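Presented below is the structure to which this report refers.
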Amino acid sequence: MQIKRSVSRILCAAMLVASVNASSPAAPAQAPAIHQTENVVLVMIDGMRWQEVFHGADSKLLETLGSDMPGDAKERADLARQRYARATEAERRQALMPFMWSVISSQGQLFGNRDLGSDSHVINGFNFSYPGYSETLTGLADPRVDSNDNVPNPNPTVFEWLNERPDFAGKVAAFGAWEVFNGIFRSQKCGFVVNAGYDPLTAIPATPRLDLLNTLKRETVRIWADEPFDPVPFHTAMEYVEAKKPRVLFVGLGETDDWAHAGSYAEYLNAAHLADEYLRQIWELMQSMPEYRDKTTLIVLPDHGRGMGVKWTDHGQKVPASMQTWMAFLGPDTPPLGERKQALPVTESQIAATLAALLGEDYRATFPKAGVPIGDVMGK
Ligand SMILES: [Zn+2]
């Protein structure tokens, strides 16, 4: 088996060299002929800053947190300090995102630590959610996508494009806290399951666990009109994975952005910590299933960044720093280069073609204006 794979790799490599030589030197990277990835999970953590990913909890923000507040706000602040305050940056980020800084940092790659010369950003110019998700999922920064209104995306996502291909038809699904994923993925016509906001999941046969998740979605207090707390959509997505085993899965978590807008640094950190725990759960679930084990790539990134210092709560066109993002990759084709230093800049518009290329598909053959695949995360 191993020998056969090696021979086919050499043949494929020769074909790849031939095809590269046949095209102009400036030709963008093609989808690789060699790939072990058969499934991709894309997790997006809404508005989570690169600063916390790479530095852990901000010491200054933690110090001032809740000091002038009575009652349970003070208690929550104390708890956040206990959980996330540490003496060094390495300890702080490990405390906040233990999966990121153990498994992904040793077996995958992380872009976006500007202090080490790695830049990741959005190019849409808006620095808010719908344009950020759309740029990531379509590969295009379309100026028509200029609001967070829950309207159908003018462009298909790479998920819709893959679902139209024979190998992936019926094997694509998207789950998100935010109801606007219905518009972003064009749920009315995209042809695959999109479950978002407070909608119950009814696309698969009921199970006791799914019934309870749908009940919690219906009955839990609604702090935000357009999205439930992250645990419900997350566990709904995992229920779907066990039932249908999709090859291309999106999971959108929203609490980081909501708590940041609310100015609650403690809850923002808790949401980030929980998101990291969910990455671990997804990874461990998939490594336990033969359909996914050693042939699944996990991609993680936010839809935009946020401001710095006291502006940490904000993002958008008036907060230039909120164009700054980060991204993480973990899978069988991604060389384990860890935290990237002095790397070429990467943009969210490259994710659609990268995701497709990891699956051996050339997205830019259909959408030549999409960002090019990130070659560094392929070809281990
Ligand atoms: Zn926001």
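Roughly speaking, what % of Cα-Cα pairs in the range 56-157 are separated by over 17 Å, rounded to a whole number? Of all Cα-Cα distances in the range 56-157, 68 percent exceed 17 Å. Starting from the Cα gyration tensor of the range 184-233, take the square roots of the eigenvalues, sort them a ≥ b ≥ c, and report rounded, prolate or oblate (rounded when a/c is under 1.5, otherwise prolate if a/b is larger than b/c, else oblate). In terms of gyration-tensor shape, oblate. Phi angles of the range 269-284 translate, via the Karplus equation with coefficients 6.51, -1.76, 1.60 and θ = phi - 60°, into HN-Hα couplings of 5, 4, 5, 5, 5, 5, 4, 5, 4, 5, 4, 4, 5, 4, 4, 5 Hz per residue; Gly and Pro are given as x.
Here the chain carries DSSP beta bridges of which approximately 25% are antiparallel, counting only pairs with both residues inside.
Which number do you get for Rg(Cα) / (2.2 N^0.38 Å) in the range 290-377?
Values: Rg = 15.4 Å, N = 88, 2.2 N^0.38 = 12.1 Å.
Cα Rg divided by the expected 2.2 N^0.38 Å: 1.27.
Backbone amide hydrogens, once placed in the peptide plane, bring VAL251 within less than 5 Å of LEU42, VAL43, MET44, PHE175, excluding anything fewer than 5 places away on its chain. The angle between the Cα long axis of helix 231-244 and the main principal axis of the chain comes to about 30°, on a 0 to 90 degree scale. Each of ARG114 and LYS189 was given a label point 7 Å from its Cα along the Cα-to-Cβ line. The distance between the two points is 3.9 nm.
I'd like the FRET efficiency for GLN281 and THR64, computed as 1/(1 + (r/R0)^6) with the beta carbon distance as r and R0 of 41 Å, rounded to 0.05. Computed FRET efficiency for GLN281 and THR64 comes out at 0.80.
Counting only heavy atoms of the protein chains and using a 1.4 Å probe, LEU162 has close to 0 Å² of accessible surface.
Give me the 1.4 Å probe accessible area per residue for the chain, excluding ligands and nucleic acids, in Å².
Spelled out: the 1.4 Å probe surface of the chain, per residue, equals 42 Å².
Straightening the chain between ILE123 and LYS318 buys 68.7 nm, computed as 0.36 nm per residue apart minus the Cα-Cα spacing. In this simple spin-label model, placing a label point 7 Å from the Cα along the Cα-to-Cβ direction at both LYS311 and ARG83 gives a separation of 2.8 nm.
Only DSSP H runs of four or more residues enter the estimate; each adds -39500 (n - 2.57), and after division by the residues of the chain the mean residue ellipticity at 222 nm equals -11000 deg cm²/dmol.
For MET48, the residues whose amide H sits under 5 Å from its own are ASP303, HIS304, ignoring neighbours fewer than 5 places away on the same chain, with H placed 1.01 Å from N.
The trypsin sites (Lys or Arg not before Pro) found in the range 201-304 that occupy coil by DSSP, while having at most 13 further C-beta atoms within 10 Å, are ARG222, ARG293. Subtracting the Cα-Cα distance of THR220 and GLN107 from 0.36 nm times their residue separation leaves 36.9 nm of extension gain.
For the range 99-251, the normalised intensity computed at q = 0.09, 0.21 Å⁻¹ comes to -0.34, -1.32 (log10 of I(q)/I(0), Debye sum over alpha carbons, equal scatterers, no solvent). Taking 25 Å as the straight-line reach from the Cα of LYS311, the lysines in range (excluding those fewer than 8 positions away in the same chain) are LYS60, LYS74.
For the range 258-299, the mean projected area of the C-alpha convex hull, equal to one quarter of the hull surface, is 3.3 nm². Within the accessible surface of the chain, defined with a 1.4 Å probe on protein heavy atoms only, the carbon and sulfur portion equals 56 percent. Give the residues of the range 340-377 whose amide nitrogen is closer than 13 Å to a point set 7 Å from the Cα of GLN94 in the direction of its Cβ. Those under the cut-off are none; the list is empty. Applied to the range 318-323, the Karplus parametrisation 6.51 cos²θ - 1.76 cosθ + 1.60 on θ = phi - 60° returns per-residue 3J(HN,Hα) values of 7, 10, x, 4, 6, 6 Hz, with x for Gly and Pro.
For the range 339-380, the square roots a ≥ b ≥ c of the C-alpha gyration tensor eigenvalues yield an a/c of 1.5 or more together with a/b not exceeding b/c, which makes the shape oblate.
Helix 71-84 axis versus longest C-alpha principal axis of the chain: approximately 40°, rounded to the nearest ten. Here LYS244 is the anchor, and the lysines within straight C-alpha reach of less than 30 Å, apart from those fewer than 8 places off in the same chain, are LYS171, LYS189, LYS217, LYS295, LYS380.
Give the peptides 363-372, 262-271 in descending order of average Cβ contacts within 10 Å, highest first. Could the numbers behind the result be given before it?
Values: 363-372: 17.6, 262-271: 20.6.
Most protected by this proxy first, the peptides run 262-271, 363-372.
Between the helical axis of 208-219 and the longest alpha-carbon principal axis of the chain there is an angle of about 50 degrees. If you look at the Cα atoms of the chain, you get an Rg and a Dmax of 20.3, 69 Å.
Close amide H partners of GLU339, meaning residues 5 or more places away or on another chain with modelled amide H under 5 Å apart, are LEU110.
The values are calculated or read from the model by the stated rules, or taken from the named source; none is laboratory data. Keep in mind the model is a prediction, meaning the values are calculated, not measured. Here the Cβ is made from the backbone with ideal geometry for all residues, glycine too, and neighbour counts use every protein chain on show. Quick note on the areas: whole protein, heavy atoms, side chains included, nothing else; ligands and nucleic acids left out. Shrake-Rupley method; radii C 1.70, N 1.55, O 1.52, S 1.80 Å.
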